[in-house]
Amino acid sequence: MAQAQPTETVHPAQALLRVENLRKYYPKRSGLLQRVTGAVKAVDGVDFTIGEGETLGLVGESGCGKSTISSMIVGLNSPTGGSIHFDGLDITNLKRQHNGKLCRELQIVFQDPYSSLNPRMTIFETVAEPLVIHEGLAGTALRDRVMTLLAQVGLRDEHAGRYPSQFSGGQRQRIGIARALALNPRLIVLDEPVSALDVSIQAQILNLLKKLQRDLGLSYLFISHNLSVVRYMATRIAVMYLGRIVEVADRETLFAQPAHPYTRALLSSIPSDDPFVRVLGDRIKLAGDAPSPAAPPPGCPFHVRCFQAQPNCAVQVPDLTPRGTPAREVACHYPLTVSPKQQ
Amino acid sequence: MSTNNASGTPADGMVLSVRNLSIDLVAKNNRKSIVSDINFDVGKGETVCIVGESGSGKSVTALSLMSLTMPPLAIGGGEIYLNGQNLASLSRLERERQLGHQIAMVFQDPMTALNPVMRIGEQITESLARHQPELSRQQQWQRAEDLLQLVGVPSPRERLSVYPHEMSGGMRQRILIAIALANNPQLIIADEPTTALDVTVQAQVLEVMQEACRHAGAAILLITHDMGVVAECADRVFVMYAGRIVEQAPVTELFKRPRHPYTRALLDSIPDLHSPPDEDLSTVTGDPPDIFNLPSGCAFRTRCGFSNGRSLCSQERPHLRAIDRHHASACHFAEEMAGVDRFGEQD
Ligand SMILES: Nc1ncnc2c1ncn2[C@@H]1O[C@H](COP(=O)(O)OP(=O)(O)OP(=O)(O)O)[C@@H](O)[C@H]1O
Ligand SMILES: Nc1ncnc2c1ncn2[C@@H]1O[C@H](COP(=O)(O)OP(=O)(O)O)[C@@H](O)[C@H]1O
Ligand code: SF4
Ligand code: SF4
Ligand SMILES: [Mg+2]
Ligand SMILES: [Mg+2]
C-alpha cells in the first residue's frame, strides 16, 4: 500500500504562486576575522504552491526559515537557488521596487505592528503612499480611496490624521493591512500577523482577514507558530523543520492523521483548551534541542530527535513525496500512517 | 480555603497573602494607582496563574511582591504577608533576607536574567554561597549539578562550565528555574516563563518547572496570557483587567463557568483545535483600556456584552466578592451568568 501511486494531489489545479526548490544560504562567519567558514542553510529546498483564493498555512518553530521564505517571495531577499513563479511570471530574481506587478499584486504584513509603520507619517499618509507612487492618485480621488480602505479594516475617518504612536497594537495591525490592500493585491504574505497582539485582539484581526479574503478573493500565505490559529485560518498547511517542508496536507488530514513524526510531536505539544482534559503529560517528548541550520545533521534533518528513526535515516535525505489517500506530501522514510514493515 | 479575604489579616497556612495592595505611578505632584485592591492567597505547593491582557498589571504586581518596585512606581498601600509575617514590619535587611530565602523569580527573557560573562556553574554556586554560606565549595558544586539534573539538563556536569549564549532558549530557561530552586524557596514567581519559547520547548519547560517544584514542595505563581498554559498548569486562576483582579476561581470552575463577562469573552475568543473554521470567532469588542482614562463604574463597561447599558455598571465600581465558596467575581451581575456552561453538560 505504501508505494501505491497517489490518486490525489495536495496542490491546487491553478497555482497563483509556485515555489520550487527554493534555497537561501547565509554565509556563516567565525573566528576573530569573521571569515566565511560555511553556510547557514536557512531555507534548503522548499516546494509549495498557493491557489487563487486559497490560504496556505506555514508552521514551524522559531528559526526554521519561515520569515526567510516570506521575504524571498515578496522580493525583499534574494534566493540562493530555486525559483518563484507568480501568476506564471518568473519573479525569482526580480527586485521588488523594479517591478510594478510585484509591487501591486504581492503584499506583506509583518508581525510587529510597532516597528513596521513609519512613526513620522500619519495614518492617511501611510495608506496613501503606495497609491500616490503607483497609481498617481491625488486630491479627492486619493482621499476617497484611503477612507474606503480605512473603513474596510474597521478604522474611522477621524483616525486618518493621527500618528502610529496614538494607536494600540491591534489598530496598528489594521493600518498595516489597509496599506497592504491599497493596490488591490492578489496574494498577501501574513508573517505572524497576530503573534504580537493580545489574545483579546487576535480574534478581531483573524475575523477581519477572513472577511477580506471572502470579499476580495485574496490568497494568503499565513505564517504562524500557533497551530490553533493556523488551523483556523488555513485550508492547507505546510510544516517546516530546519529549512525544509516536512509535511503538507489539508487541515483535516494534518490534524487528524499527522504522518511525519515531527508533525505528530508538534501537535502533541499544543496545550489543552480544557483543564478537565490535560494533554501535555501524554505528549511525544523529543530528545535534545533543534539543531542549528548552520550545522544540520546529515540524512533526515530530524533524525537526531526522531522516535521513529532507523539506521538509514542518518544517511539518506527523505524528499517531500506524495503519499496515498487522503492526499498529502511527507518527507520521511517511515511515515506514521504507513508501518515500516510494509515499505 | 477562602478565595478572597480583604479583612486585612493573612489567612492561616498560606505561603503568601496579599491584602488591599495598590501600586501607584508617582509623578512630581500627583499619584495615580495603576494596580488597586489586590487581595489573594497562595497556599503551599499550589500552582496559581495570573492571566490578563498586556498592561493589566500582572508584572508590576509580581515585582511588588518581591519588593522590586522601582520609581516611578511605588507601592501605594496594602500589606504582603510571607508565611503570615507582614513584610512591612521587618527591617529592610531582614525583609531582603526573607524574600531571598522564600521567594524566587523566573522572568520571560532568560538572557537578561543571566550574567552573559559568567559560566552557568559559577552563577548557581554564587547564589548558593549568598543564601547558604554553610555549604562547602564542593557541596555547592554538587548541589549545582543536582539542580541541573532536576530540571532535565542533559550532561549536567559538563553544562556547568558553559556560558549562557552557548545554550538554547529552552535550556537557559531551565537554568533559571534551577537557580530559582537553588535555595529551596517556598514560592516561585514566574512571569511569562515560556512566552518566548516554541510549543515543544514550552511543554518541556512547564513540565520541568512543575515537577521540580512538586519535588521541592514549592508553590508557583505563574503569570501568562496563554489560556492553554493555564488549562494545563493551574490549580487556581486570577484574572486581571485594568489593574484589578476581576475573577478568582479554581481552574476547572473558571473554564466551565466563568462568572465575569471579561473572562467569558476572553475564553470564547481564542481559536482552539475545535473552532469551526467557517464561523467567525467571537471577539472581545473594542480596545484594551487606557489605565489613566478608565470608564466610570465598571472598567470593562465599554466592552461588556453583558451589561446592556444597565446604569449600575456606569455608576458603581463592582468589587471582587465571593459568589460561592471558591469563586469570586467583580461583576454586579455575576449571578446572572450562573447558567452559562462553556463545555455543555459534563458534570
Ligand atoms: N516603569 C513604569 N512607568 C510607568 N508606567 C508603568 C511602568 N511599568 C508599568 N507601567 C504601567 O503599569 C501598567 C501595568 O503594567 P505591567 O507591566 O504590570 O503589565 P502586564 O500585565 O505585565 O502586561 P504584559 O502582558 O504586557 O507583560 C501598564 O499600564 C503599564 O504601562
Ligand atoms: N540575515 C541573516 N544572516 C544570517 N542568518 C540569518 C539571517 N536571517 C535569518 N538567518 C537565520 O536563518 C534561519 C531562519 O530564520 P527565519 O527565516 O527568520 O526563521 P523563522 O521566521 O522561521 O523564525 C535562522 O537560523 C536565522 O538565524
Ligand atoms: S526519515 Fe527517519 S528520522 Fe526522518 S522523520 Fe522519518 S523516520 Fe524520522
Ligand atoms: S459590572 Fe456591568 S459592565 Fe462590568 S462586567 Fe458586570 S455587567 Fe459588564
Ligand atoms: Mg519569523
Ligand atoms: Mg508583563
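Out of (1) surrounded by fewer than 21 Cβ atoms within 10 Å (Cβ to Cβ); (2) under 20 Å from B:Glu211 (Cα atoms); (3) within 14 Å of another protein chain (Cβ to nearest Cβ), the odd one out for B:Gln173 is which?
(1)
Out of the residues in the stretch A:231-252 meeting the condition of being over 14 Å from the mean Cα position of the chain (by Cα) and open to solvent by 10 Å² or more (accessible area, probe 1.4 Å), tell me which one is nearest to the other protein chains (Cβ to nearest Cβ).
The residue in question is A:Arg251.
Take the conditions open to solvent by 10 Å² or more (accessible area, probe 1.4 Å) and in contact with a strand residue (DSSP E or B) (Cβ under 6 Å, 6 or more places away or on another chain) and apply them to A:Glu192. Does it pass?
On the way: open to solvent by 10 Å² or more (accessible area, probe 1.4 Å): yes; in contact with a strand residue (DSSP E or B) (Cβ under 6 Å, 6 or more places away or on another chain): yes.
In short, yes.
Which one is farthest from the other protein chains (Cβ to nearest Cβ), of the residues in the stretch B:178-196 that are over 18 Å from B:His215 (Cβ atoms) and surrounded by fewer than 24 Cβ atoms within 10 Å (Cβ to Cβ)?
Once the filter is applied, the top-ranked residue is B:Asp191.
Every residue in the stretch A:59-81 that is buried (at least 20 other Cβ atoms within 10 Å of the Cβ) and at positive phi, please.
A:Gly60, A:Gly65, A:Gly75
Where in the stretch B:1-83 are there strands (runs of 3 or more DSSP E), lying fully within it, with 2 or more residues that are open to solvent by less than 10 Å² (accessible area, probe 1.4 Å), under 17 Å from B:Tyr241 (Cα atoms) and aliphatic (A, V, I, L, M)?
Numbers: elements: B:14-26, B:31-43, B:47-51, B:73-82.
In the stretch B:1-83, the matching strands (runs of 3 or more DSSP E) lie at B:14-26, B:31-43, B:47-51.
Which of the residues belonging to the stretch B:225-275 are open to solvent by 10 Å² or more (accessible area, probe 1.4 Å), polar (S, T, N, Q) and in contact with a helix residue (DSSP H, G or I) (Cβ under 8 Å, 6 or more places away or on another chain)?
B:Ser275
Out of everything in the stretch A:16-34 that is of a type outside the set (A, V, I, L, M, F, W, C) and away from ligand 2 (no atom under 15 Å from the Cβ), what residue ends up being nearest to A:His85 (Cα to Cα)? Don't jump to the end; show me each part of the working.
We begin by selecting, within the stretch A:16-34, every residue of a type outside the set (A, V, I, L, M, F, W, C); these are A:18, A:20-21, A:23-31, A:34.
Imposing the further condition that a residue be away from ligand 2 (no atom under 15 Å from the Cβ) reduces the set to A:18, A:20-21, A:31.
Details: A:Arg18: 5, A:Glu20: 8, A:Asn21: 12, A:Gly31: 39 Å.
Looking at residues that are of a type outside the set (A, V, I, L, M, F, W, C) and away from ligand 2 (no atom under 15 Å from the Cβ), I get A:Arg18.
Of the conditions (1) at pLDDT below 95; (2) open to solvent by less than 30 Å² (accessible area, probe 1.4 Å); (3) in contact with a strand residue (DSSP E or B) (Cβ under 8 Å, 6 or more places away or on another chain), A:Leu286 clears all except one; give me its number.
The failed condition is (3).
Out of B:Ser155, B:Ser64, report the one residue that is within 14 Å of another protein chain (Cβ to nearest Cβ) and more than 16 Å from ligand 5 (Cβ to nearest atom).
Numbers: B:Ser64 fails: within 14 Å of another protein chain (Cβ to nearest Cβ).
Step by step, each of B:Ser155, B:Ser64 is checked, and only B:Ser155 is within 14 Å of another protein chain (Cβ to nearest Cβ) and more than 16 Å from ligand 5 (Cβ to nearest atom).
A:Tyr334 is checked against (1) crowded, with 21+ Cβ neighbours inside 10 Å; (2) away from chain B (no Cβ under 14 Å); (3) part of a loop (DSSP other than H, G, I, E, B); (4) more than 13 Å from ligand 3 (Cβ to nearest atom) and fails just one. What number does that condition carry?
The failed condition is (4).
May I ask you to list the residues in the stretch B:225-248 that are more than 8 Å from every other protein chain (Cβ to nearest Cβ) and closer than 29 Å to B:Lys32 by Cβ?
Applying the first criterion (more than 8 Å from every other protein chain (Cβ to nearest Cβ)) to the stretch B:225-248 yields B:233, B:235-248.
Residues satisfying the conditions are B:Val237, B:Phe238, B:Val239, B:Met240, B:Tyr241, B:Ala242, B:Gly243, B:Arg244, B:Ile245, B:Val246, B:Glu247, B:Gln248.
Is one or more of the residues making up the stretch A:307-322 surrounded by 19 or more Cβ atoms within 10 Å (Cβ to Cβ) and aromatic (Phe, Trp, Tyr)?
no
Within the stretch A:47-64, work out how many residues are in contact with an Asp or Glu (Cβ under 8 Å, 6 or more places away or on another chain) and modelled with pLDDT under 95.
At the first step, the residues of the stretch A:47-64 found to be in contact with an Asp or Glu (Cβ under 8 Å, 6 or more places away or on another chain) are A:47, A:61-62.
Now narrow it down to the ones that are modelled with pLDDT under 95: A:61-62.
Summing the residues that are in contact with an Asp or Glu (Cβ under 8 Å, 6 or more places away or on another chain) and modelled with pLDDT under 95 in the stretch A:47-64 gives 2.
Could you list, in sequence order, the residues of the stretch B:276-316 that are in contact with a strand residue (DSSP E or B) (Cβ under 9 Å, 6 or more places away or on another chain) and open to solvent by 60 Å² or more (accessible area, probe 1.4 Å)?
Selection gives B:Phe292 alone.
So, in the stretch A:253-274, of the ones that are in contact with a strand residue (DSSP E or B) (Cβ under 9 Å, 6 or more places away or on another chain) and part of a loop (DSSP other than H, G, I, E, B), which residue ends up surrounded by the fewest Cβ atoms within 10 Å (Cβ to Cβ)?
A:Gln257
If you go through the stretch A:85-144, how many residues are within 27 Å of A:Glu52 (Cα to Cα) and of a type in the set (Lys, Arg)?
Matching residues across the stretch A:85-144 total 4.
Are any residues in the stretch B:257-300 more than 12 Å from chain A (Cβ to nearest Cβ), at pLDDT below 90 and on the phi > 0 side of the Ramachandran plot, and if so, which ones?
Matches in the stretch B:257-300: none.
When the stretch A:130-155 is examined, which residues are found to be in a loop (DSSP other than H, G, I, E, B) and within 30 Å of the chain's Cα centre (by Cα)? Lay out the reasoning, then the answer.
Of all residues in the stretch A:130-155, those in a loop (DSSP other than H, G, I, E, B) come to A:136-138, A:153-155.
Once the filter is applied, which keeps residues that are in a loop (DSSP other than H, G, I, E, B) and within 30 Å of the chain's Cα centre (by Cα), the stretch A:130-155 yields A:Val153, A:Gly154, A:Leu155.
Given (1) over 27 Å from A:Pro12 (Cα atoms); (2) part of a loop (DSSP other than H, G, I, E, B), identify the lone condition not met by A:Glu125.
Here A:Glu125 clears every test but (2).
Return yes when A:Leu94 is out of contact with any strand residue (DSSP E or B) (no Cβ under 6 Å at 6 or more places or on another chain) and more than 16 Å from ligand 3 (Cβ to nearest atom) and no when it is not. Let's see the steps before the verdict.
On the way: out of contact with any strand residue (DSSP E or B) (no Cβ under 6 Å at 6 or more places or on another chain): yes; more than 16 Å from ligand 3 (Cβ to nearest atom): yes.
Judged against the criteria, A:Leu94 is a match.
When you scan the stretch A:82-122, how many residues do you find that are surrounded by fewer than 20 Cβ atoms within 10 Å (Cβ to Cβ), in a loop (DSSP other than H, G, I, E, B) and in contact with a Lys or Arg (Cβ under 6 Å, 6 or more places away or on another chain)?
Result for the stretch A:82-122: 0.
Filter the stretch A:271-304 down to residues that are aliphatic (A, V, I, L, M) and more than 12 Å from every other protein chain (Cβ to nearest Cβ) and give me whichever is nearest to ligand 6 (Cβ to nearest atom).
We begin by selecting, within the stretch A:271-304, every residue aliphatic (A, V, I, L, M); these are A:277, A:279-280, A:284, A:286-287, A:290, A:294-295, A:304.
Those still in the list that are more than 12 Å from every other protein chain (Cβ to nearest Cβ) too: A:294-295, A:304.
Numbers: A:Ala294: 33, A:Ala295: 35, A:Val304: 35 Å.
The qualifying residue nearest to ligand 6 (Cβ to nearest atom) is A:Ala294.
Suppose we filter A:Pro164, A:Pro185 for residues that are over 21 Å from B:Asp287 (Cβ atoms) and touching a helix residue (DSSP H, G or I) at 6+ places or on another chain (Cβ under 9 Å); which single one remains? Let's see the steps before the verdict.
Details: A:Pro164 fails: over 21 Å from B:Asp287 (Cβ atoms).
Selected residue: A:Pro185, the only one of A:Pro164, A:Pro185 that is over 21 Å from B:Asp287 (Cβ atoms) and touching a helix residue (DSSP H, G or I) at 6+ places or on another chain (Cβ under 9 Å).
The values are calculated or read from the model by the stated rules, or taken from the named source; none is laboratory data. None of these values were measured; they are calculated from a predicted model. When we count neighbours, we look across all protein chains shown, and the Cβ atoms used for this are built from the backbone with ideal geometry, even at glycine. Calculation scope for accessible area: heavy atoms of the full protein, side chains included, ligands and nucleic acids excluded. Shrake-Rupley method; radii C 1.70, N 1.55, O 1.52, S 1.80 Å.
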